[in-house]
Amino acid sequence: MSTPPNALARELGVTASAVRRWLRDEVDRGGESGPWLIDDDLAARVRARFTATATARAARPTACTVEGCDRPLKSRGLCVMHYNRWDRHGSTEHRGGAEHQRAKTHCPHGHEYTEENTIVYPSDGRRRCRTCRRGATPATSRR
């Protein structure tokens, strides 16, 4: 009797692709292609392998590792929202509006925002790079 990988995966609580990946790595099909036909002996080996690793899989976190977040994992122990934040600016913390701008340490042309090189407008706190401002032509500085 043959068992398809999907049925074994459902039985073991893993994905069918994980079962197929293990089969590709462990079983020599002798050049045969097509769907996997898993006999009882091979099914027993698959069950033994995935049963042995069940405790390690159960120990892995299933929810986001950020404190207070219970969303399911995407990658690196983070949910989709926290992963995207981490990918964008290297932190899982929310940075919106002005916080995002204040976190910048250099102007768009690469000059560092230091006290000597930065003009801060007191009305709204915007910053300008003095180096870029000095290099601007009169037509562009009047905008």
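Filtering Thr62, Thr55 for residues that are surrounded by fewer than 11 Cβ atoms within 10 Å (Cβ to Cβ), hydroxyl-bearing (Ser, Thr, Tyr) and under 19 Å from the mean Cα position of the chain (by Cα) leaves a single hit, Thr62.
Which of the residues spanning region 1-52 are under 32 Å from the mean Cα position of the chain (by Cα), assigned to a helix (DSSP H, G or I) and small (Gly, Ala, Ser)? Listed by number, the residues that qualify are Ala7, Ala9, Ala16, Ser17, Ala18, Ala48, Ala52. Is region 58-77 home to any residue that is under 30 Å from Asp28 (Cα atoms), in a helix (DSSP H, G or I) and not acidic (Asp, Glu)? There is at least one residue in region 58-77 that is under 30 Å from Asp28 (Cα atoms), in a helix (DSSP H, G or I) and not acidic (Asp, Glu). Within the option set Thr53, Thr92, Thr62, being among the polar types (S, T, N, Q) and touching a residue at least 12 places away in the same chain (Cβ under 8 Å) holds for one residue only, Thr92.
Could you tell me whether Thr55 is over 30 Å from Thr114 (Cα atoms) and either at pLDDT 85 or above or assigned to a helix (DSSP H, G or I) (or both)? When the stated conditions are applied, Thr55 passes them.
Out of curiosity, is Ala103 in contact (Cβ under 8 Å) with a residue 24 or more places away in the chain and either surrounded by 10 or more Cβ atoms within 10 Å (Cβ to Cβ) or farther than 30 Å from Val19 by Cβ (or both)? In short, no.
The values are calculated or read from the model by the stated rules, or taken from the named source; none is laboratory data. Just so it is clear, the model here is predicted, and its values are computed rather than measured. Please note: Cβ atoms are built from the backbone with ideal geometry, for glycine as well, and neighbour counts cover all protein chains shown.
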